[in-house]
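Worksheet: one structure, shown below.
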Amino acid sequence: MIKVENIKKYYGKYLGVEDISFKIKKGEIYGLIGPNGAGKTTTIRAMMGMISIDEGRITIGDKNIPHDLKHIKNKIGYLPGEVNFYENMRVKDFFDFNDRFYKNIDKKYEKELIDLLELETNKKFKELSMGNKKKVGIIQAIVHRPEYIIFDEPTNGLDPLLQHKLYSILEKEKERGATILFSSHILSEVEKICDKVGIVKKGKIIKESNIEEIAKVFKKTITIYKLKEINKFKDFEIKEQEDSYITYLVKNDDLNSFFEILSKCSYEDIEIKRPSLEEIFIDYYRSDEE
Ligand SMILES: Nc1ncnc2c1ncn2[C@@H]1O[C@H](COP(=O)(O)OP(=O)(O)OP(=O)(O)O)[C@@H](O)[C@H]1O
């Protein structure tokens, strides 16, 4: 279990995080999402004991952070937002070097990951692209099969194919029983693999839920093609209207009455979509500002 409780951090007079709390159970993937500057990196750095917090409590397993970090550090796999290792070291030498720090490195798994991510290990670190540096960081963070995985914006700089590979790696780690936190500002990826998401805004979690629950309370997008009796739908919110179709936004509670009216109408085709996490997210940000 990872527990972050009411943490607060100011950088001098500048707000880092105001009040962030969440819990992640064993075998769960938690997505911390929010735009730049929301406080994701600050939270993660505090969890890694890299910065001190002004208030609150962080526990990983049964260890208090930062006080007992040294007793649990080798059970944590951490990927920073920007990966930087020794510039002149070749990747393969770096992995050997890394072996000396962790007792439990799984060399077979290391090789599997290098092959899966198609990483060139003969190159020096300074010769790698941002995406390749990230691959080194990802591998280094998980080759010791950590119980806790903490990744700051892991897909930044990875092409879609590699992003996909990363999701499958994280899903396998989850199956193995790892407790996983990752931050992102790309919502669709959170939707794909997270059990739970926390939406961060200005240093606070403004909403926390599992993806299904978040999507459930939101309106469905219903597009009807060649609907003749538009006037019967006056009570419903129109999202878009063209000659050949009309799109309504319908709350879950109103779906029955919507379809009751629709059943008595003539139309050519219908398309029902739940909102994307992107739309939900924008809605949260907007409603919070109103
Ligand atoms: N060293 C620092 N000194 C002053 N302010 C800082 C410092 N580091 C972060 N901040 C501020 O703390 C707030 C939260 O930043 P943080 O990096 O945690 O956000 P983030 O959600 O991770 O965004 P990003 O994706 O851009 O990294 C921002 O307003 C940022 O300007």
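Around residue 149, which amide H atoms from residues at least 5 apart in sequence, or from another chain, sit under 5 Å from its own amide H, with H modelled in the peptide plane? So residue 149 has HN proximity to 77, 179, 180, 181.
Would you mind checking the tilt of helix 277-289 against the longest principal axis of the Cα atoms of the chain, expressed as 0 to 90 degrees and rounded to 10? Tilt relative to the chain: about 80 degrees. Springs between Cα atoms under 10 Å define the GNM used for the chain, and in it the highest mean-square fluctuation of 116, 255, 69 occurs at 255.
Structure remark: mean-square fluctuation, Gaussian network model of the chain, C-alpha springs under 10 Å; the largest value among 33, 51, 224 belongs to 224.
Its relative contact order, with pairs defined as Cα atoms under 8 Å and 6+ residues apart, puts the chain at 21 percent.
Taking amide H as placed 1.01 Å from N in the peptide plane, the amide H of residue 89 sits under 5 Å from that of 125, 126, each at least 5 places away or on another chain. Cross-link pairs exceeding 24 Å between alpha carbons, from the set 8/192; 123/172; 92/126; 63/111; 201/273; 219/264: 8/192; 123/172; 63/111; 201/273. Per-residue 3J(HN,Hα) values for the stretch 235-250, derived from phi via the Karplus relation 6.51 cos²θ - 1.76 cosθ + 1.60 with θ = phi - 60°, read 7, 9, 6, 8, 8, 7, 9, 10, 4, 8, 8, 9, 10, 10, 10, 10 Hz in sequence order (x marks Gly and Pro).
Annotation: amide H of residue 270 within the under-5 Å range of 225, sequence separation 5 or more or interchain, hydrogens built in the peptide plane. In plain terms, the residue of 220, 107 with the fewest other Cβ atoms within 10 Å comes first and the most crowded comes last, giving 107, 220. Per residue, the average separation of C-alpha pairs within less than 8 Å and at least 6 apart gives the stretch 219-273 a relative contact order of 52 percent.
Annotation for the stretch 73-179: GluC sites (Glu not before Pro) lying in DSSP loop with at most 10 further Cβ atoms inside 10 Å of their Cβ are 87. Taking 0.36 nm per residue of separation and subtracting the current Cα-Cα distance, fully stretching the chain between residue 130 and residue 269 would add 45.4 nm. Helix 130-142 and the longest principal axis of the C-alpha atoms of the chain enclose an angle of approximately 70°.
Could you tell me which of rounded, prolate or oblate describes the stretch 30-92, using a ≥ b ≥ c as the square roots of the eigenvalues of the alpha-carbon gyration tensor, with rounded for a/c under 1.5 and, failing that, prolate when a/b is larger than b/c and oblate otherwise? Taking the square roots of the gyration eigenvalues as a ≥ b ≥ c, the stretch 30-92 is oblate.
In the chain, the DSSP beta bridges split such that about 65 percent are antiparallel, to the nearest 5.
Using a simple spin-label model with pseudo-atoms 7 Å out from Cα toward Cβ, residue 256 and residue 13 lie 5.7 nm apart. Couplings 3J(HN,Hα) for the stretch 3-8, derived from phi with the Karplus relation 6.51 cos²θ - 1.76 cosθ + 1.60 (θ = phi - 60°), are 10, 10, 10, 6, 7, 9 Hz, where x marks Gly and Pro.
Against the main long axis of the alpha-carbon atoms of the chain, helix 160-176 sits at an angle near 70°.
Near residue 67: Cβ cut-off under 15 Å, other residues only, Lys/Arg at +1 and Asp/Glu at -1. The net charge is +2.
Values in this text are rule-based calculations from the coordinates and carry no lab data. Note that this is a predicted model, so its numbers are computed, not measured. Virtual Cβ from ideal backbone geometry, glycine too; neighbours counted across all protein chains shown.
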